[in-house]
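A quick write-up on the structure given underneath.
The values are calculated or read from the model by the stated rules, or taken from the named source; none is laboratory data. It should be emphasised that the depicted structure is a prediction, and the values quoted were computed from it without experimental measurement. Cβ placement follows ideal geometry from the backbone for every residue including glycine, while neighbour counts extend to all protein chains displayed. The protein model used for the area step is the full one, side chains on, heavy atoms only, and it has no ligands, DNA or RNA in it. Shrake-Rupley method; radii C 1.70, N 1.55, O 1.52, S 1.80 Å.
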Amino acid sequence: MASDGVVMLHSPEQLETKFLFAKCNAGRSFFGRQKCVYASYISDLHSDEWTVGPVFKMWAVAVTSIGNIYRSQGYR
């Protein structure tokens, strides 16, 4: 799925949450390079409705943002 621009992760025991990251087209830069952003969505494990999360410019920042959610819930 990552090669198609969609990654889905889930935390069934600790957070009971699903995370969806989608690679989106962000147009072209001044020099003609293709730009992209990573939109995030969050859902409860038992629900089919997704809540819109933040949009990230870099993939590394998008994936590590999940660690912030764990820390906010008291996990280390």
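Structure above, values below:
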item: Hey, Gly5 on the phi > 0 side of the Ramachandran plot and either among the small types (Gly, Ala, Ser) or open to solvent by 70 Å² or more (accessible area, probe 1.4 Å) (or both) or not; result: yes
item: Strands (runs of 3 or more DSSP E) (entirely within the chain) containing at least 3 residues that are in contact with a strand residue (DSSP E or B) (Cβ under 7 Å, 6 or more places away or on another chain) and of a type in the set (S, T, N, Q); result: 34-44
item: Number of positions in the range 8-56 that are open to solvent by 40 Å² or more (accessible area, probe 1.4 Å) and in contact with a Phe, Trp or Tyr (Cβ under 8 Å, 6 or more places away or on another chain); result: 12
